[in-house]
Amino acid sequence: MNNPAEAFVARVGGKALAFLEELGSLTWLAGNTAAEIGDRVAERRPPFRLADFFFQTARVGVGSLPMVILLSVFVGLTMALLTGYQLQKFGVTTLVPPVVGIAFTREMGPLFTGIVLASRIGAAFTAELGAMIAGGEVDALEAMGIGPLRYLVTPRWLAIFCMTPCLAVLSTLSGICGGAFISDLMLQLGYSFFFDQVMLNLMVKDILAGVFKSFVFGALIGLISCYKGLGVKGGAVGVGVATTSSVVTAVSSVIAFDSVINIFLVLLFP
Amino acid sequence: MKNRAFLEINGLKLKYGDKAVLDGVTLKIEPREVLVVMGLSGGGKTTLLNLLLRLMEPTSGTIMFRGEELLSLERRELNRARTRIGMVFQNAALISSMTVAENLALPLRELSDKTPKEIDKAIDEKLELVDLKDAREKLPGELSGGMKKRVGLARALMLDPELVLFDEPSAGLDPIATERIDDLILELKEEHNVTSIVVTHEMESAFAVASRMAFLDKGKIIFDGTPDEIKGTDNKVIQKFLAPYLAHERTGELHHANS
Ligand SMILES: Nc1ncnc2c1ncn2[C@@H]1O[C@H](COP(=O)(O)OP(=O)(O)OP(=O)(O)O)[C@@H](O)[C@H]1O
Ligand SMILES: [Mg+2]
């Protein structure tokens, strides 16, 4: 590489190729998991154990609840406060409830839930699957003829897929409550006025947008974290590397998909 | 079909990068045989066993298991074939988040139609075999290396396999436990018609269980014959490998002669 432009193009090209390769492996994982599930169904056996699924949902859902609520209340509070102070200058603090309500329903609730789950649960999934790879446990499952993909990935993926929207709804509610609390305290907007305004201005499409996004985030985080975990190479260090990479990838994907989905939703349903 | 070998490995090759770990392994195993595979550390014995379960794909070669070409099986048939093969992993590879009982229950729960009661009974039975009834509710982390190994053995037997692959089953075990495992291998053969491939470095147990012996060196089988034949081999590597055992055996005979 003698000239810098060429080197730059080569580097970008290399990154792009690596990205496509990862995308390919991700698709491979999803496809093979689905195929293993298909095998099980064809044999009239359950593809995963319900107990495993409930264990994971408890972990993903109930386990993340305190953090999601706490974070959302504080963000809602801050948001109401800051927008309130700006809007006060124009005498329209009454706009605070719809702003907080819509922002949380469409954006903040799903996004914060996604980020919390990517770091809290995605990391855990990657680390535990990675440790299982490093310890030869996944090979052992494979050797017994128990498809390890459907056995390990399905309950985890389904749990996070189902729990993300639930948590996002609760996050939204907590954010709005946080906003209502500070508005009552500092902006002279009563609780009932606040909630009435939120209800009045929220549209079904806002709620649907939020729920749709959370499903996408859940699916992404589940897939990325399981993929990174099952791809671990090289023992304990490998697990650490994969876990970091899993959180970084999942958080960036959540944010990136959030923007893309927002653009499409605004264009399609103005 | 009937006169085909039980397991026939032909020209099996595997490369890691450009390093050939297996370089054309050919072996034929008849039903109810106990084949002991020996070889230097890092010689590719574990790799060979992993290939038999298709935990990795060989570069070339064929593996016929009961008239079926393992390497061309679809996933579903492959998984069915795998349930007929039990593997005792070198590092036991127990599921660390599950108790011993859950580990043993796993293959039955996932792959058989047994009721929980029957599964419970099977667990007790297999734990009895490996002398670990007390460890039932323990987690793998609470077991010693040798205990884990024996649980791994019990797990390999849960589905009553026709072929059992033992990867150094007695490494790290005391002489009494080793002897017990040797007896178990013979018992499986005599009473359940199980065929075994045993990778081991313990010459004592190798000669105790083997009906045939193979020596893997530099990716090739350099010896394949009966235990008596291997004692008379003129291959330098194998002679060196066997020397301590043979010397010990000879002094043992002397003692017998004297007393
Ligand atoms: N994942 C891997 N990547 C690259 N090389 C590997 C890998 N696994 C094993 N090898 C190499 O393959 C060779 C054979 O390894 P294998 O584990 O089969 O040996 P072994 O005969 O079982 O040894 P031991 O008796 O010590 O268990 C070794 O030289 C090892 O370095
Ligand atoms: Mg080995």
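Taking B:Ser72, is it within 12 Å of ligand 1 (Cβ to nearest atom) and among the polar types (S, T, N, Q)? No, not satisfied.
Of the helices (runs of 4 or more DSSP H) entirely within the stretch A:33-146, those holding at least 1 residues that are more than 14 Å from chain B (Cβ to nearest Cβ) occupy A:50-57, A:63-88, A:96-103, A:109-117, A:123-134.
Only one of the numbered conditions (1) over 13 Å from the mean Cα position of the chain (by Cα); (2) within 16 Å of ligand 2 (Cβ to nearest atom) is violated by B:Gly67, and that is (2). The residues on offer are A:Ala219, A:Ala242, and the sole one that is surrounded by fewer than 24 Cβ atoms within 10 Å (Cβ to Cβ) and not assigned by TED's automatic domain parsing to the domain that holds A:Gly31 is A:Ala219. Kindly provide the set of residues from the stretch B:84-123 that are among the aliphatic types (A, V, I, L, M), under 16 Å from A:Ile146 (Cα atoms) and in contact with a helix residue (DSSP H, G or I) (Cβ under 6 Å, 6 or more places away or on another chain), ordered by number. Result: B:Met87, B:Val88, B:Ala93, B:Leu94, B:Ile95, B:Leu104, B:Ala105, B:Leu108. In the stretch B:188-205, the residues that are within 14 Å of chain A (Cβ to nearest Cβ) and farther than 18 Å from B:Met158 by Cβ form Cβ pairs under 9 Å with partners that are outside any loop (DSSP other than H, G, I, E, B) and more than 16 Å from ligand 1 (Cβ to nearest atom), at six or more places apart or across chains, as follows: B:Ile197/B:Leu7; B:Ile197/B:Ile29; B:Ile197/B:Val34; B:Ile197/B:Leu163; B:Ile197/B:Val164.
Could you grab me the full set of residues in the stretch B:49-64 that are within 14 Å of chain A (Cβ to nearest Cβ) and either within 16 Å of ligand 2 (Cβ to nearest atom) or among the small types (Gly, Ala, Ser) (or both)?
Residues satisfying the conditions are B:Leu49, B:Asn50, B:Leu51, B:Leu52, B:Leu53, B:Leu55, B:Met56.
The residues listed here are B:Ile238, B:Ile221; of these, the one that is under 17 Å from B:Gly44 (Cα atoms), modelled with pLDDT under 90 and surrounded by 14 or more Cβ atoms within 10 Å (Cβ to Cβ) is B:Ile238.
Just one of (1) more than 14 Å from every other protein chain (Cβ to nearest Cβ); (2) away from ligand 2 (no atom under 16 Å from the Cβ) trips up B:Gly39, so point out which. Only one criterion in (1) more than 14 Å from every other protein chain (Cβ to nearest Cβ); (2) away from ligand 2 (no atom under 16 Å from the Cβ) is unmet by B:Gly39, namely (2). You will find that of A:Phe181, A:Phe215, A:Phe193, the residue that is part of a helix (DSSP H, G or I) and either under 17 Å from the mean Cα position of the chain (by Cα) or farther than 14 Å from A:Val100 by Cβ (or both) is A:Phe215 and no other.
Considering (1) buried (at least 16 other Cβ atoms within 10 Å of the Cβ); (2) among the acidic types (Asp, Glu); (3) in contact with a helix residue (DSSP H, G or I) (Cβ under 8 Å, 6 or more places away or on another chain), the lone condition that B:Glu162 does not fulfil carries the number (3). Every test in (1) in contact (Cβ under 8 Å) with a residue 40 or more places away in the chain; (2) surrounded by 21 or more Cβ atoms within 10 Å (Cβ to Cβ) is passed by B:Glu30 save one, and that test is (2).
Does any residue of the stretch B:177-197 turn out to be within 16 Å of ligand 1 (Cβ to nearest atom), modelled with pLDDT of 90 or more and within 28 Å of B:Met64 (Cα to Cα)? Yes, the conditions are met somewhere in the stretch B:177-197.
In the condition set (1) within 16 Å of ligand 2 (Cβ to nearest atom); (2) away from chain A (no Cβ under 14 Å), B:Glu33 is compliant with all but (1).
Taken over the stretch A:1-27, the residue count meeting the criterion of being within 30 Å of B:Arg76 (Cα to Cα) and out of contact with any helix residue (DSSP H, G or I) (no Cβ under 9 Å at 6 or more places or on another chain) is 5. Here B:Glu110 qualifies as without any contact (Cβ under 8 Å) to a residue 40 or more places away in the chain, crowded, with 17+ Cβ neighbours inside 10 Å, acidic (Asp, Glu) and not assigned by TED's automatic domain parsing to the domain that holds B:Arg32. Scanning the stretch B:84-95 for any residue that is away from ligand 1 (no atom under 16 Å from the Cβ), of a type in the set (Gly, Ala, Ser), within 25 Å of A:Glu137 (Cβ to Cβ) and not in a helix (DSSP H, G or I) turns up at least one such residue.
Just one of the listed residues (A:Asp196, A:Asp206) is closer than 30 Å to A:Ser183 by Cα and surrounded by 15 or more Cβ atoms within 10 Å (Cβ to Cβ), and it is A:Asp206.
Among the residues making up the stretch B:82-123, those that are of a type in the set (A, V, I, L, M) and at the interface with chain A (Cβ under 8 Å from one of its Cβ atoms) are B:Ile85, B:Met87, B:Ala93, B:Leu94, B:Ile95, B:Leu106, B:Leu111.
Annotation: B:Thr62 fulfils all but one of (1) more than 12 Å from ligand 1 (Cβ to nearest atom); (2) hydroxyl-bearing (Ser, Thr, Tyr); (3) assigned to a helix (DSSP H, G or I); the unmet one is (3). The single condition among (1) crowded, with 16+ Cβ neighbours inside 10 Å; (2) in contact (Cβ under 8 Å) with a residue 12 or more places away in the chain; (3) away from ligand 1 (no atom under 11 Å from the Cβ) that B:Gly44 does not meet is (3).
The values are calculated or read from the model by the stated rules, or taken from the named source; none is laboratory data. Just so it is clear, the structure is predicted and the values come from calculations on it, not from any experiment. FYI the Cβ positions are ideal-geometry reconstructions off the backbone, even for glycines, and counts take in every protein chain you see.
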